[in-house]
Each structure stands twice: as C-alpha cells, then as structure tokens.
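S.K.: This is the structure I want to talk about, given as structure tokens.
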Amino acid sequence: MLILHGHEGPVRCLAYSPHGRMLASGSDDKTVRLWDLSRSCQLGCRKGHVDWVRAVAFTRDGRMLASGTWDDSVCLWTESRTKRPYRLPTTATGGAWSLGFSPDGYSLAIGGSNGRVGFFWARERSHHRDWLCHHGPVAAVVYSPDGSLLATAGHDGMGCLWDANWGNQQAALLGHHGWVHCLAFSPDGRMLASGGDDTTARLWNVADGKENAVFTGHTAAVRQVAFSLDGRKLLSAGWDETVRVWDVTTGCQRAAYNWQIGRVHCLALAPDGMTAAAGGHDHSIVVWDVE
C-alpha cells in the first residue's frame, strides 16, 4: 500500500494515465497534482483554477489532461514543458461537475451545474453543442467503451443513456432515491454501474436500461464506482470511509477496506487492473494492490 501526501484539501477526483504509471488528482486546494507511482513521488503541481477541482480526465493517448471546477473553468494541460494550461471558453453549463473524453479523444463532455452537458472538440478547443440532460447538476458523464453511448447522472436522482452522436435519449435509469453521483461502464459495455446518496450501488443492463442488481452495505453516500478489468467485480467508494468490492454475478460483498483517510470522495482503477487509488477527506491518496 502506498499513501501520497501533498494536497492541502480533500481530494475530490482521480484519474490514471493510460499507461498506468502516473496518477492525476484534483483537490479543494484548487490544484491538479501529478504523481509518479513507480517512484512514489509527486511529479508536479498544476495551478490555474480559482475554485475546487471537481473532475480530471486523461485522453486515451495520455497527451492531454482536462480538469474542471465549480467556477465554470475547464483547463486543458498538455505534455508541453509549460505549466500554463489552455482555458476553454466559458462552457455555459455553470460550474463543471464532471468531465469525460470520448474514446477517440476528439470530444470532451462537460457536466454542468445547470443540468446541461457541453461538448468541446478537444484538439480544436471549440464548443460544438450542448444538451439539457438533467434538472440540477450533472455529477457524472461517461462514454461507453466504443464511444457510441454517453451515460449521465444527476442530482435529480436519474441516470440516462444517450446516443453520443445525435443526443437521442436511449433509456432513463430510475431506481436511486436522492442524488446520483457516479457511473461506470463495464469493460464490454453491456452493463452500467451507478452510486448515489441512497447508500447503494446499482447495476443496469445497457441494452434496455433495466436494473439488474442493487448492492447494499455502505452506510453513507456512494461517491464512485469502478469495474475490475474482467468485469466480474465492482469497486465502490463511500462517505462511510470505506471502499467495498462486490461480486457482480452474485451481488455479494467480497471485501471492505477502511484506509483511515476519512470520507472517500473518489476512486480510480489502473488500466491494467492491478492497482486502485482512492482520495480522502484527510487530503491524502491511498494506492493499493487489487486482489
């Protein structure tokens, strides 16, 4: 187990680089930090935001990192030696609550506080459309592995599946009671997991939007979910200060970890599935080997 220290506020978001050797984190201290996991050290501290960093996301090739905050600021960081980011034009979606790159890296979806999702061409850095998706903040935006679908979740208690190209709603995911905070597609794209204020993680069939399973065990809001590489396990992180591992087939809990980092705000799984990372309210990040 590895514990990373450096942030001066709760860690709100995490993202592994595509090669898995680097981790990006965002915090209430208004910074984005990069970590070299092989050397257990901080690579750099990126400053440019004036509010909490709520979301970070890498492109699939790892050449670009996006970060977003509640002040309606989205920055694009590249491999350039300069630490100065490119700041996207105002998103018109309110504060940025969530970010997601399309698998091809061309489009960046931004979930806003006003219920809209804005889309930018990442390389041209230009806005090309937006959708009204929810009544309230859009807490999660996630592309399916093949890029054909976009899943969104909001504080209106709903999850939705959309045609990523045309914006047509494919399904409404109804079942949570209260805010829905997080989403994750299974590696094969057939299932979608969600987590919310009702302390549950839920599993949905992507083809028809029907609920397949409800995972109960957390005693506070579920803030992040992630599938194992083979899709057989689901990891969930909660404000009850635990990370839990579930068997997707049986619905049984396989493990529960309390890393003593306070409320767990975020969770990320390495691309090779060998390690996972969680960000805590005590300003630290814990990285551990996945069974």
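S.K.: With the condition kept exactly as written, say whether any residue in segment 78-95 is at pLDDT below 95, touching a Gly at 6+ places or on another chain (Cβ under 9 Å), surrounded by 18 or more Cβ atoms within 10 Å (Cβ to Cβ) and under 30 Å from LEU2 (Cα atoms).
M.R.: Within segment 78-95, one or more residues are at pLDDT below 95, touching a Gly at 6+ places or on another chain (Cβ under 9 Å), surrounded by 18 or more Cβ atoms within 10 Å (Cβ to Cβ) and under 30 Å from LEU2 (Cα atoms).
S.K.: To continue, here is another question. Find the residue count for segment 2-47, including only residues that are in contact (Cβ under 8 Å) with a residue 40 or more places away in the chain and of a type in the set (Lys, Arg).
M.R.: 1
S.K.: Quick test for you: out of VAL32, VAL56, pick the one residue that is within 18 Å of SER107 (Cα to Cα), in contact with a Cys (Cβ under 9 Å, 6 or more places away or on another chain) and not in a loop (DSSP other than H, G, I, E, B).
M.R.: VAL56
S.K.: Taking strands (runs of 3 or more DSSP E) that do not extend beyond segment 188-241, which have at least 3 residues that are touching a residue at least 40 places away in the same chain (Cβ under 8 Å)?
M.R.: Where strands (runs of 3 or more DSSP E) fall fully within segment 188-241 and carry at least 3 residues being touching a residue at least 40 places away in the same chain (Cβ under 8 Å), they are 191-196, 200-205, 222-227, 233-238.
S.K.: Among the listed residues ARG232, ARG244, ARG202, ARG190, identify the single one that is touching a Lys or Arg at 6+ places or on another chain (Cβ under 9 Å) and either of a type in the set (Lys, Arg) or at positive phi (or both).
M.R.: Of the residues listed, the single one that is touching a Lys or Arg at 6+ places or on another chain (Cβ under 9 Å) and either of a type in the set (Lys, Arg) or at positive phi (or both) is ARG244.
S.K.: Test ALA24 against the stated conditions and say whether it is part of a strand (DSSP E or B), under 20 Å from SER126 (Cβ atoms) and of a type outside the set (Ser, Thr, Tyr).
M.R.: The answer is no for ALA24.
S.K.: What number of residues within segment 95-135 are closer than 24 Å to TRP179 by Cβ and either in contact (Cβ under 8 Å) with a residue 60 or more places away in the chain or more than 18 Å from the chain's Cα centre (by Cα) (or both)?
M.R.: Of the residues in segment 95-135, 5 are closer than 24 Å to TRP179 by Cβ and either in contact (Cβ under 8 Å) with a residue 60 or more places away in the chain or more than 18 Å from the chain's Cα centre (by Cα) (or both).
The values are calculated or read from the model by the stated rules, or taken from the named source; none is laboratory data. Being a predicted model, the structure only gives us computed values, none of them experimental. Ideal geometry is used to build each Cβ from the backbone, glycine not excepted, and the neighbour counts take in all protein chains shown.
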